[in-house]
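Every read-out reported here was derived from the displayed coordinates using simple, explicitly stated rules and does not represent laboratory data. Everything numeric in this text was worked out from a predicted model, so none of it was measured. Counting neighbours? That spans all protein chains shown, and the Cβs are built from the backbone with ideal geometry, glycine included.
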Amino acid sequence: MSTQSLLAVRPLDAGKLSASARSEDPWAGHYQNKAVVYEMLFHASAETLRTIAADPKHLGAEIGFIGILHTWGQNLQHHPHLHCVVPGGGLSVDGARWISCRASFFVPV
């Protein structure tokens, strides 16, 4: 399996979202459209992590990561959010070498 296929995130087709999921309030209709909202959350976090990591002024590498969905907060109220586990670096754009992050943090922001 190629590196590109491992890092690929399936594009989100906004045309397939329900009207409530496309409204100005991203949480509108959330209780009826959990799968759609959760998918949007995963796509947004994946795009953000990959974009920041690919920028040469931050890391300049293609990264892999895993996102874990939590749907409840400490107070047991509905609070969907992701926790992401990210390795300490990534592959160069050509896939030939590993680029390590700085010792104290993943990417400078």
Of all residues in region 52-81 being aliphatic (A, V, I, L, M), touching a helix residue (DSSP H, G or I) at 6+ places or on another chain (Cβ under 8 Å) and surrounded by 15 or more Cβ atoms within 10 Å (Cβ to Cβ), the one that is nearest to TYR38 (Cα to Cα)
ILE63
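Residues checked against (1) over 13 Å from PHE106 (Cβ atoms); (2) in a strand (DSSP E or B); (3) aromatic (Phe, Trp, Tyr):
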| site | (1), (2), (3) |
| --- | --- |
| HIS43 | yes, no, no |
| THR48 | no, no, no |
| PRO56 | yes, no, no |
| ILE68 | yes, yes, no |
| CYS84 | no, yes, no |
| PRO87 | no, no, no |
Residues of region 89-109 that turn out to be assigned to a strand (DSSP E or B), in contact (Cβ under 8 Å) with a residue 40 or more places away in the chain and of a type in the set (Phe, Trp, Tyr), as a count:
0
